[in-house]
Each structure stands twice: as C-alpha cells, then as structure tokens.
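Down below is the structure, laid out as structure tokens.
The values are calculated or read from the model by the stated rules, or taken from the named source; none is laboratory data. These figures come from a predicted structure and were not determined experimentally. No Cβ is skipped: glycine too gets one built from the backbone with ideal geometry, and neighbour counts run over all protein chains shown. Please note that ligands, DNA and RNA were not included when accessible areas were found on the heavy atoms of the full protein model with its side chains. Shrake-Rupley method; radii C 1.70, N 1.55, O 1.52, S 1.80 Å.
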Amino acid sequence: MASTRARIALDAMGGDDAPAAIVAGAILAQTELADVDVILVGDPAQIQACLDRHPNAPKIEVVPAEGTIEMHEEPLGALRRKPKASINVSMQLVKDGKADAVVSAGHSGAAMAAALLRLGRLRGIDRPAIAAVFPTNRADKSVLILDVGANVDCRPKYLEQFAVMGSIYSQYVLGVESPKVGLLNIG
C-alpha cells in the first residue's frame, strides 16, 4: 500500500535566523503533523548542529545542498550561478518525485524562478502566482490572495489566470463551494 504521508522539502537555509528557526519549525511540524514527513535541505553540518540542540526531536531526513540565494541577489542569475543552492535542490526533489511540495522562507523570487526552471508551468498559465490564505473575523471563512509577490508586471491576462487558479484552489483545497473573485490594488 502506498504511503499517504506528504513529503515536504523544507529549504533550511532560507529566511531569517536560518537554519535554527527553520529546523525548530521542522521539528514542530514533524511532531504535530501525523501525515507529514519533513526533509531538511541545506548545509548538513549547520542543520545537524541545530538538530543536536533538540535531543528529543524526531528523526528528520537531511538532504545536502551548497549555499543559498541571498535576498539582495537577482533570482535567475543567482539560481544559475548556484545550481546546488538549497532552493534548487528542494525543487529538484519534487521534480524527481522524492518530495511532494517545497516550503521556503527565503527569497520568494528565487523560489518562484526555481519552481519555473525545475517544474515548469501548467498548460495555459503564463505567470505563476504566490498565494496566501488570510484569516478573517469569522472562524469558518478565510480569504485567498493571489499574487502576494514575485510579479511586478500584472497584465489583464495574468490577472484572469490568477482568478482561475485562486477559484480552483478555493474550491478544492479550502472547500469554498462558490468562490468570489475580487481585484485588490495596492498602488
């Protein structure tokens, strides 16, 4: 019987206070989420040092990577210069079927570019979008917002595609029977 556990590749080197904060979050997720296996991707020595600070932590797989994409770096160029960076290796795990998803607290533009380079696009989608679920004052209702980063040039065609992707996600993942679509302008 095939496992129903989700395997999440976690970019241990991306984000503030990485890898310590990322490893602590991975331990919490591995402990509290019965249907998830976390794979920490990054510098094995730094990750192991963080894991050693948590002697009762569950066993978490570590996949080696070399370097990270810094926040000041241009994403595409940095990804090409650093093919073994943690976000690249994380995306490759998904492409190879060794992980089901990637989570990174690092450079969102680099995460988006790595996903495009390694995984490609869905047919009919010209621009991928980063989505975020925001809570509301009603416990049974949340709001999904697309795009919350990485796209600075949003043409009407892209906005339409974002609306379609958001509606489908809202229906099938969030369980919203008839999602409403709106346009939010930030400037």
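Please give me, ordered by residue number, the GluC sites (Glu not before Pro) of segment 53-122 that lie in loop per DSSP and have at most 15 other Cβ atoms within 10 Å.
On the way: sites: E61, E66, E70, E73; in loops: E66, E70, E73.
Sites meeting the loop and neighbour criteria: E66, E70.
How big is Rg to Rh over the chain, alpha-carbon atoms, Rh as the Kirkwood inverse-mean-distance radius? Walk me through the numbers before you get to the answer.
Numbers: Rg = 17.6 Å, Rh = 17.9 Å.
My calculation of the ratio gives 0.98.
Heavy atoms only, probe 1.4 Å: what % of the accessible area of the chain goes to carbon and sulfur, would you let me know? Each step should come with its number before you reach the end.
Numbers: 6500 of 11840 Å².
Heavy-atom surface of the chain belonging to carbon and sulfur, 1.4 Å probe: 55 percent.
Given a cut-off of 22 Å, name the pairs among K141/K180; K157/K180; K82/K157 whose C-alpha atoms lie farther apart than that in the structure shown. Walk me through the numbers on the way to the answer.
Numbers: K141/K180 12 Å; K157/K180 18 Å; K82/K157 32 Å.
K82/K157, as the Cα separations exceed 22 Å there.
What order do you get for 85-92, 13-20, 32-39 when each peptide is scored by the mean count of other beta carbon atoms within 10 Å, highest first? Working shown, then result.
On the way: 85-92: 27.9, 13-20: 19.2, 32-39: 14.6.
Ranking, from highest mean packing down: 85-92, 13-20, 32-39.
Sum -39500 (n - 2.57) across every DSSP H segment of at least 4 residues in the chain, then divide by the residue count to get the 222 nm mean residue ellipticity, nearest 500.
Working: 6 runs with 68 residues, N = 187.
Mean residue ellipticity at 222 nm (helix-derived): -11000 deg cm²/dmol.
Determine which lysines satisfy two conditions relative to K84: a Cα distance under 26 Å, and not lying fewer than 8 residues away in the same chain.
Partners within reach: K59, K95, K98.
Only four residue types carry charge here, +1 at the Cβ of Lys and Arg and -1 at the Cβ of Asp and Glu. Report the dipole size of the chain about the Cα centre in Debye, rounded to the nearest 20.
Details: 19 positive and 21 negative charges, 113 e Å.
For this selection, approximately 540 debye.
Using a 1.4 Å probe, what is the accessible area per residue for segment 6-119, in Å²? List each step's numbers first, then the result.
Values: 5800 Å² over 114 residues.
With all protein chains present, segment 6-119 gives 51 Å² per residue.
To test your reading of the geometry: what angle, between 0 and 90 degrees and rounded to tens, separates the Cα axis of helix 156-172 from the longest principal axis of the chain?
So the inclination is approximately 70 degrees.
Top mean-square fluctuation among A57, A12, A111, Gaussian network model of the chain, C-alpha springs under 10 Å?
Greatest mean-square fluctuation among the candidates belongs to A57.
Let's test the formula: R0 of 22 Å, r as the Cβ-Cβ distance of I168 and R5. What FRET efficiency results, to the nearest 0.05? Walk me through the numbers before you get to the answer.
Details: r = 24 Å, r/R0 = 1.11.
Rounded to the nearest 0.05, the efficiency is 0.35.
Take every Cα pair under 8 Å in segment 6-119 that's 6+ residues apart, average their separations, divide by the length, and report that relative contact order as a whole percent. Numbers along the way, then the final one.
On the way: 220 pairs, mean separation 38.8, N = 114.
For segment 6-119, the relative contact order is 34 percent.
Which distance in nm do the two modelled labels at E177 and V133 give, with both placed 7 Å along the Cα-to-Cβ direction?
Distance between the two pseudo-spin positions: 1.9 nm.
Convex hull over the Cα atoms of segment 18-123, averaged projected area in nm²? Don't skip to the end; give the middle numbers.
Details: hull surface 28.3 nm².
Orientation-averaged projected area of the Cα hull: 7.1 nm².
Build a GNM of the chain with springs between Cα atoms under 10 Å: which of R127, R53, R118 gets the top mean-square fluctuation?
R53
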